[in-house]
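The values are calculated or read from the model by the stated rules, or taken from the named source; none is laboratory data. Here the structure is a predicted model, which means the values were calculated and not measured. Heads up, the Cβs are rebuilt from the backbone with ideal geometry, glycines too, and the neighbour counts pull from every protein chain shown. Note: accessible area is taken over every heavy atom of the protein model, side chains too, but ligands, DNA and RNA are not part of it. Shrake-Rupley method; radii C 1.70, N 1.55, O 1.52, S 1.80 Å.
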Amino acid sequence: MYFKSIIFILIFIMACSDNNKAISNSDTKLSTEVPLRSEIDAKYKWDMTAVYATEEAWEEDLNFVKELYPGILEFKGKLVSSPDVLLEALELDNKINQTLWKLYHYASNSSNADVRNEKYQEMVQRVINTYVKIGEVSAFFTPEILENDYSVIENLMEKNDNLKIYEKQFKDLYISKPHILSEKEERILSMAGKISGVSSDAYDIMRATDFVYPTFEDENGNELTMSQGRYGKYSKSPDRRVREDMYKALYVPFKSNINTMSVLMKGNVEGHIFYANAREYDSTLEARMKADGMSTEVYKNLVKSVNENLQPLHRWAEIKAKYLGLEKIKPFDTYAPLADSTIVYTYEQAQDIILEALDPLLQSNEAELRKFTEKMYDENLIDVFESKGKQSGAYMSSTWGLDPRIKLNFSGTLDDIFTLAHELGHAYHSYLSQKNQPYPYYDYTTFNAEAAAIATEALLMDHLLANARNDEEKAFLIQNYIQSIGSTYYRQTRFAEFELLIHEAAENGQVLTEDFITESFGEMYSKYWGPYMEITEEEAYSWSRIPHFYYNYYVYTYATSFAAAEKIAENVRKDGQDAIDDFIAYLSTGSSDYPVELLKIAGADMTTSEPFEAVSRKMNFLMDELEKILEVKSLNDVEYQEKN
């Protein structure tokens, strides 16, 4: 049926992890193996019994849904016969979906904690199968409503005020009328839902269970088994040999499976084309953007604006090469430190840093968000450390009636602290929207989701920069800020441009062979990084390492939201509490209006190129500041060498 049934919010951010020691790198005892989940202290793991005390209780709810959803058919042929009938049908739909996504919340999070556990994989699939069957049964819902003029719906709303909360959904439904099919056709599309996610599922399982990584040696000669979690730490090693060895080890299983990966990507893209064509959209991009109430111009404006402002990223590559003493850098040098920190943070230190940095936000409204943050910390709502079989990366998961949950792979780096802040930003958004919006509008688009999360990161960075104790610490933070712009703004735009390229190519008849995908990705990488970057073979096929390409035009939200978030943070720096109040108001809106309009509440107008140009200006300013510090350091180093 039309009314939103995908309420489960799953936000993935690539994060890094390694070990959970709490002191400097030089004193950290390294483990060569990723620990088993059973070896992780319970206080650092989700307590899923808060969702279902037993798996029997989960089974009872699944049976409840199976017994409930056939009742939808009782409304067939009479949906708009009276306001009470329509309201009853909508409320039944709500009850089914709320229970269904509670079931999914439990099963998917349990599965992601150890994707090798087939029991939870099966539970996830059973929920998906039930969802598909519900779609088949309810396929009449939308076509039957659209048989009537909108004036009929308006009349029903006038007769029953409880229907008025659905007014925006009704309007959206009629806007989408050209893309709504007949009952029979809608049922067929629902049945196809079982196969639409196969490519993504196969990709995730392959990475989590079938990949075998080689070892590499760290700076001290310790032999370590490569893992996704270790990439974050060792990509920042000051030892170029370690960075290169780690980098090559990372890509061994991807290279070995690159042909299979290309077939999965082809299937993924063809699935998007199938649904777009079936609903008679002009393109896959239009289909995706209209689903979020967005124009394709928002996406294209991002790509165009960034391509017109690649100079800052080219300059960053030049600065890297200069201070690393290289003619050109290679991809494994992109995170090499120009300013370094040996600190490895404990998870508890990360928690405290965030409480301090976000204090003006958290203390607002009688410290509502501070109390919520402490609840997240204290009630096993965050799954913290990497373990064998645990899905890589980080996300926030929320569904109606439950507390949000966060998955991390925390390893003690500064990046990990920003990842925690990011996911807490998502959690604040879910908590406040659920509190302040009715069920139909507590959800929000990925576009709005990322703006909330990245703005929280920006507030953290502003605090850390303002409180830097010396030039060395300031340089380290500025470097991280610049690299955040590079990885979140430029890199994600590059991904967005690549995603558009392969979809448009397939739509125009191009077969997505491994050669075509890899060559296209490599050429785009070189274009973005410019003349001071020497691409490697591994980087050309690194598209295969990005799970976000299976999320259907998702990555653009990171880049556009980064620009919006920078504007929100700028407003907070300039206007203080008034801007914080605006940000909290934004976090409370859910999907009560269209995405671009909602961002205006927080003071970010995305209808112009100004936010994108502002990011480029900010990056150039930060590089100016960093070069001043690095030049002084270089002069001091020369003087020291001359004296000794």
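A Förster radius of 35 Å combined with the Cβ-Cβ distance from N222 to Q510 puts the calculated FRET efficiency at roughly 0.15. Look at the alpha carbon pairs under 8 Å that are at least 6 residues apart: their mean separation over the length of region 236-378 gives a relative contact order of 22 percent. W101 contributes an accessible area of around 20 Å² to the protein surface, as traced by a 1.4 Å probe with all chains present.
One chain, two ends: E537 and R469. Fully extended at 0.36 nm per residue, the span grows by 20.4 nm beyond their Cα-Cα distance. Per-residue SASA remark: E122, around 110 Å² accessible (1.4 Å probe; ligands, DNA and RNA not included). Counting charges near G135 (Lys, Arg +1; Asp, Glu -1) among other residues having Cβ under 9 Å from its Cβ returns a value of 0.
Note that region 362-420 shows a convex hull volume over its alpha carbon atoms of 104 Å³ per residue. Normalising the Debye intensity of region 147-209 to I(0), with uniform scatterers on Cα atoms only, and taking log10 at q = 0.15, 0.23, 0.25 Å⁻¹ returns -0.69, -0.96, -1.02. Which angle between 0 and 90 degrees, to the nearest 10, do you get for helix 514-529 versus the longest principal axis of the chain when only C-alpha atoms count? That works out to roughly 60 degrees. For the peptides 105-117, 62-74, the ranking by mean Cβ contacts within 10 Å, running from highest to lowest, is 105-117, 62-74.
Loop-located trypsin sites (Lys or Arg not before Pro) across region 458-513 with a Cβ neighbour count of 16 or fewer within 10 Å are R469, with loop assigned by DSSP. Once the C-beta distance of T342 and K375 is scaled by a Förster radius of 25 Å, the resulting FRET efficiency is 0.15 to the nearest 0.05. Per residue, the convex hull spanned by the Cα atoms of region 492-579 amounts to 130 cubic angstrom.
Going by Cα centres, region 177-228 and region 593-620 are how many Å apart? Spelled out, the Cα-based centre of one part sits 32 Å from the other.
Ordered from largest to smallest accessible area (heavy atoms of protein chains, 1.4 Å probe), the residues L36, L92 come out as L36, L92. Along region 186-196 the Karplus relation, 6.51 cos²θ - 1.76 cosθ + 1.60 evaluated at θ = phi - 60°, assigns HN-Hα couplings of 5, 5, 5, 4, 4, 5, 5, x, 5, 9, 5 Hz to successive residues, with x for each Gly and Pro.
Taking all protein chains together and a 1.4 Å probe, the residues K266, K435, K390 rank K435, K266, K390 from largest to smallest accessible area. The value given for the chain is a Kirkwood hydrodynamic radius of 25.9 Å, derived from the mean inverse Cα-Cα separation.
Mean sequence separation of contacting Cα pairs (under 8 Å, at least six apart), scaled by the length of the chain, corresponds to a relative contact order of 21 percent.
In region 375-455, the inverse of the mean reciprocal separation of distinct Cα atoms equals 13.3 Å; this is its Kirkwood hydrodynamic radius. For the chain, take the longest principal axis of its alpha carbons; what is the angle in degrees between that and the long axis of helix 258-278, to the nearest 10 within 0 to 90? Its long axis makes an angle of about 40 degrees. Taking all Cα-Cα distances within region 34-158, those exceeding 17 Å account for 64%. On the principal axes of its alpha carbon atoms, region 502-641 extends 61, 53, 24 Å, with the longest extent given first. Only alpha carbons enter this Debye calculation for region 409-534, each as an equal point scatterer, and the log10 of I(q)/I(0) it gives at q = 0.10, 0.13, 0.14 Å⁻¹ is -0.51, -0.79, -0.87. Legend: residue pairs K76/K164; K248/K320; K159/K435; K43/K618; K266/K390; K266/K328, Cα-Cα distance threshold 31 Å; pairs beyond threshold, K43/K618; K266/K328.
If R0 is taken as 22 Å, the Cβ-Cβ distance between K184 and E297 corresponds to a FRET efficiency of 0.05. The C-alpha atoms of the chain define a longest principal axis, and helix 83-113 lies at about 30 degrees to it. Under 5 Å between amide hydrogens, built in the peptide plane, is the criterion, and for D114 it picks out Q391 among residues at least 5 positions away or on other chains.
DSSP assigns beta bridges within the chain; of those with both partners inside it, close to 75 percent run antiparallel.
Annotation: amide H-H contacts under 5 Å for E386 (H modelled 1.01 Å from N, sequence separation of 5 or more, or interchain): D18, F410. Convex hull of alpha carbon positions in region 198-270: directionally averaged projected area 5.2 nm².
In terms of Cα atoms, the Rg and Dmax of region 232-360 work out to 21.4, 55 Å.
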